[in-house]
Amino acid sequence: MLLYFLLCALLGVGLEKVKENCGVVGVISRSKANAVPLVIDALRALQHRGQEAWGVAVPGKNPYKKLGLVIDAGQRELDLLTREYNSPIAIGHVRYSTAGRKDLESAQPLKVKDLCIAHNGTLSNIKELSGVVGGCTFTPQHASDTLIAANKIVDHLRQKKGGFSKALKVLSDEMAGSYCFTFFSDNNDAVYAARDPRGFRPMVVGYRNNTQTYVVASESIALSAVQAGLVRNLQPGELLKIGYSEMKSEIFATADSHAHCSFEYTYFAHPGSVMEQISIYEARKRIGVGLAKKFPIPDADVVIPVPDSARLAAMGYAEAAGKPFDEGLLKDRYSKKGRFRSFIEPHKGDRVEINQWIIPIVQVFEGKHVVVIDDSLVRGTSSTEIVKALRRGGARKISMLITFPPIEFPCFAGIDFPTQEELAIFGSEATLAEKVERVRKTIGVDFLGYNDPKTLAESIGMDVNSMCFTCATGNYSALGVTPKLTLGSS
């Protein structure tokens, strides 16, 4: 093992963790229609899951990868891609990284020999996993978890250990963390999809009847974008093979319980998606109702959301509390970064810039006690800027309610808060109430209230024990790792 790391160091290969919570797509048309236009449209629908880069891959070619948003690509470029990559089989990826690397080398899909793969999630034990790949053979400067998993799968296939199902079964015993894969082999006329046995990240399969096309994707909103109907969710631990004439499902791994990411339901997922048979739209409104029961504020004058993902929760709160709902904050869609999501920007300067283009509508809240609903409070960057804008606009009193519980611990399953010292709720010496009071003073509100795991899970409509709340509880048992936390760990 020591020799392995020395060789990697000599070759300039980094083994630090690259965490990604992205969007993946896989398409196969049994009528042999071109799958690439559907992948492009599906990636557009999943853009909220990744803003840094996107890519498309088909058998027999190197992946096409591009920095930025799918929508920023010109029509001539997309037409050329559609023609040159014409294939009834294709996969795609939109990237959101937490390492801040914005280069095509880190973009996906990745190709290793005959295997092309796209990944949504994070492998928490990347250093350990990299040591069993069979040698330091990577050429990129950054050995990502996706690349290591791909090399491992290829190694299993090369040794003829039973195909993809056997490779994933063996790999699942070695991998810790969250993962959803779409992939194909140049030597096999099929698209594959796999989901980790805990079900951290979502994945669905749909069918488009007019072209006899199957689509697997991170969210059902991608199916809607290509006029495909939702067939079902992939089960945790399932490998799905979709060929031209058959579909085969296998369970390659099982777990004693599931750990569906709670952050997907409050922030990450598109409101038009359905996850685990639960409408995200309806769940977010119920979350607002739950907040109204937990935090009644009788003297409130108006309820406003922080755009955009908190809008439905604010509507639910206002309806349950019998208070007026209004749009007191609007994003400037015409600014340079007005269409971006601030949380998934890896650099603080970019997050601040995005929030500077949230425009306060003074007439809505001037002289009033305003209840502001936000989906989460992670670093406090966005909240501080928004509260300043409301104060400047003449808000008499500001109460802020957060749909997600206090985030006290790093996420090692693909969400961008990897160190404790960057969290607004930070420090092991104080009680939770004392930490909340410190954050309240820091961001400048008159009252600050956080949701709790039990209330949130009940509002969503899931068993709290089937959801991942590691970032709120510090219990990493579902991930299968015991991470060494940074300053402030408890």
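The values are calculated or read from the model by the stated rules, or taken from the named source; none is laboratory data. Worth saying up front: this structure is predicted, and the values here are computed from it rather than measured. As a convention, Cβ positions derive from the backbone with ideal geometry for all residues, glycine included, and neighbour counts pool all protein chains shown.
Regarding Ala255, is this residue farther than 18 Å from Gln277 by Cα and out of contact with any Ser or Thr (no Cβ under 8 Å at 6 or more places or on another chain)? Step through it out loud before you land on a result.
Details: farther than 18 Å from Gln277 by Cα: yes; out of contact with any Ser or Thr (no Cβ under 8 Å at 6 or more places or on another chain): yes.
Yes: the conditions hold for Ala255.
Pairs please, first residue from segment 462-490 and more than 17 Å from Ala413 (Cα to Cα), second anywhere and modelled with pLDDT under 85 and exposed (fewer than 14 other Cβ atoms within 10 Å of the Cβ), Cβ atoms under 8 Å, 6+ apart in sequence or on different chains.
Partner pairs satisfying both residue conditions: Leu487/Glu421; Gly488/Glu421; Gly488/Ser428; Ser489/Ser428; Ser490/Ser428.
Being of a type in the set (Gly, Ala, Ser) and either free of Cβ contacts under 8 Å to residues at least 40 places away in the same chain or over 18 Å from Ala413 (Cα atoms) (or both) is true for just one of Ser245, Ser262. Which residue is that? Break it down stepwise before answering.
On the way: Ser262 fails: either free of Cβ contacts under 8 Å to residues at least 40 places away in the same chain or over 18 Å from Ala413 (Cα atoms) (or both).
Just one listed residue meets the conditions, Ser245.
Ile344: at pLDDT below 95, under 25 Å from Arg286 (Cβ atoms), surrounded by 15 or more Cβ atoms within 10 Å (Cβ to Cβ) and assigned by TED's automatic domain parsing to the domain that holds Tyr450, yes or no? Quick ask: steps written out before the conclusion?
Details: at pLDDT below 95: yes; under 25 Å from Arg286 (Cβ atoms): yes; surrounded by 15 or more Cβ atoms within 10 Å (Cβ to Cβ): yes; assigned by TED's automatic domain parsing to the domain that holds Tyr450: yes.
Spelling it out, Ile344 is indeed at pLDDT below 95, under 25 Å from Arg286 (Cβ atoms), surrounded by 15 or more Cβ atoms within 10 Å (Cβ to Cβ) and assigned by TED's automatic domain parsing to the domain that holds Tyr450.
Restricting to segment 204-226, name every residue that is in contact (Cβ under 8 Å) with a residue 60 or more places away in the chain and either in a loop (DSSP other than H, G, I, E, B) or in contact with a Phe, Trp or Tyr (Cβ under 6 Å, 6 or more places away or on another chain) (or both).
Of everything in segment 204-226, those that are in contact (Cβ under 8 Å) with a residue 60 or more places away in the chain and either in a loop (DSSP other than H, G, I, E, B) or in contact with a Phe, Trp or Tyr (Cβ under 6 Å, 6 or more places away or on another chain) (or both) turn out to be Gln212, Tyr214, Ser218, Glu219, Val226.
Is it the case that segment 244-259 has a residue that's at negative phi, β-branched (Val, Ile, Thr) and buried (at least 17 other Cβ atoms within 10 Å of the Cβ)? Explain how you work it out, then say what you get.
If we filter segment 244-259 for residues that are at negative phi, which is where we start, we get 244-259.
Okay, now just the ones that are also β-branched (Val, Ile, Thr), so 251, 254.
Then keep just the ones that are buried (at least 17 other Cβ atoms within 10 Å of the Cβ); that gives none.
No, segment 244-259 has no match at all.
Within segment 399-481, considering only helices (runs of 4 or more DSSP H) that don't extend past its boundaries, which have at least 3 residues that are within 19 Å of the chain's Cα centre (by Cα)? Quick ask: steps written out before the conclusion?
On the way: elements: 432-443, 453-460, 470-473.
Of the helices (runs of 4 or more DSSP H) lying wholly inside segment 399-481, those with at least 3 residues that are within 19 Å of the chain's Cα centre (by Cα) span 453-460, 470-473.
Yes or no, residue by residue, for (1) surrounded by 23 or more Cβ atoms within 10 Å (Cβ to Cβ); (2) within 24 Å of Thr213 (Cα to Cα); (3) without any contact (Cβ under 8 Å) to a residue 24 or more places away in the chain:
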residue: Arg49; (1), (2), (3): yes, yes, no
residue: Gly60; (1), (2), (3): no, yes, no
residue: Lys66; (1), (2), (3): no, no, no
residue: Ile71; (1), (2), (3): no, yes, no
residue: Asp79; (1), (2), (3): no, yes, yes
residue: Ile91; (1), (2), (3): yes, yes, no
residue: Tyr96; (1), (2), (3): yes, no, no
residue: Glu105; (1), (2), (3): no, no, no
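Can you name the residue in segment 289-335 that is in a helix (DSSP H, G or I) and either outside the structural domain of Ile359 (by TED's automatic domain parsing) or among the basic types (Lys, Arg) (or both) and, of all such residues, is surrounded by the fewest Cβ atoms within 10 Å (Cβ to Cβ)?
Within segment 289-335, the first condition is being in a helix (DSSP H, G or I), and the residues that meet it are 289-294, 311-321.
Within this subset, residues satisfying the condition of being either outside the structural domain of Ile359 (by TED's automatic domain parsing) or among the basic types (Lys, Arg) (or both) are 293-294, 311.
On the way: Lys293: 12, Lys294: 15, Arg311: 20.
By that ranking, first place goes to Lys293.
Only one of Ile373, Ile425 is crowded, with 22+ Cβ neighbours inside 10 Å, touching a residue at least 60 places away in the same chain (Cβ under 8 Å), more than 15 Å from Phe263 (Cα to Cα) and β-branched (Val, Ile, Thr). Can you tell me which?
Working: Ile425 fails: touching a residue at least 60 places away in the same chain (Cβ under 8 Å).
Exactly one residue qualifies, and that residue is Ile373.
Could you please let me know if Arg333 is at pLDDT 95 or above and within 23 Å of Arg44 (Cβ to Cβ)? Working first, answer last.
Numbers: at pLDDT 95 or above: no; within 23 Å of Arg44 (Cβ to Cβ): yes.
Considered against the rule, which asks whether it is at pLDDT 95 or above and within 23 Å of Arg44 (Cβ to Cβ), Arg333 comes out as no.
Considering only residues of segment 161-212 that are among the hydroxyl-bearing types (Ser, Thr, Tyr) and surrounded by 24 or more Cβ atoms within 10 Å (Cβ to Cβ), which is nearest to Asn120 (Cα to Cα)? I'd like the intermediate steps shown before the answer.
Looking only at segment 161-212, we keep the residues that are among the hydroxyl-bearing types (Ser, Thr, Tyr), and these are 165, 172, 178-179, 182, 185, 192, 207, 211.
Narrowing further to those that are surrounded by 24 or more Cβ atoms within 10 Å (Cβ to Cβ): 178-179, 182, 192.
Numbers: Ser178: 8, Tyr179: 6, Thr182: 9, Tyr192: 14 Å.
Out of the qualifying residues, it is Tyr179.
Of all the residues that make up segment 365-419, how many are in contact with a His (Cβ under 9 Å, 6 or more places away or on another chain) and either at pLDDT below 95 or charged (D, E, K, R) (or both)?
Our first condition is that a residue be in contact with a His (Cβ under 9 Å, 6 or more places away or on another chain); within segment 365-419, this holds for 395-399.
Going one step further and asking which of them are either at pLDDT below 95 or charged (D, E, K, R) (or both), we end up with 396-397.
So the answer is 2.
Among (1) assigned to a helix (DSSP H, G or I); (2) outside the structural domain of Pro197 (by TED's automatic domain parsing); (3) buried (at least 18 other Cβ atoms within 10 Å of the Cβ); (4) modelled with pLDDT of 95 or more, there is one condition Tyr267 misses while meeting the rest; what is its number?
Unmet condition: (4).
Would you say Leu43 is under 19 Å from the mean Cα position of the chain (by Cα), in the same structural domain as Phe184 (by TED's automatic domain parsing), within 15 Å of Gln108 (Cβ to Cβ) and surrounded by fewer than 24 Cβ atoms within 10 Å (Cβ to Cβ)? Steps first, answer last, please.
Working: under 19 Å from the mean Cα position of the chain (by Cα): yes; in the same structural domain as Phe184 (by TED's automatic domain parsing): yes; within 15 Å of Gln108 (Cβ to Cβ): yes; surrounded by fewer than 24 Cβ atoms within 10 Å (Cβ to Cβ): no.
Answer is no for this residue.
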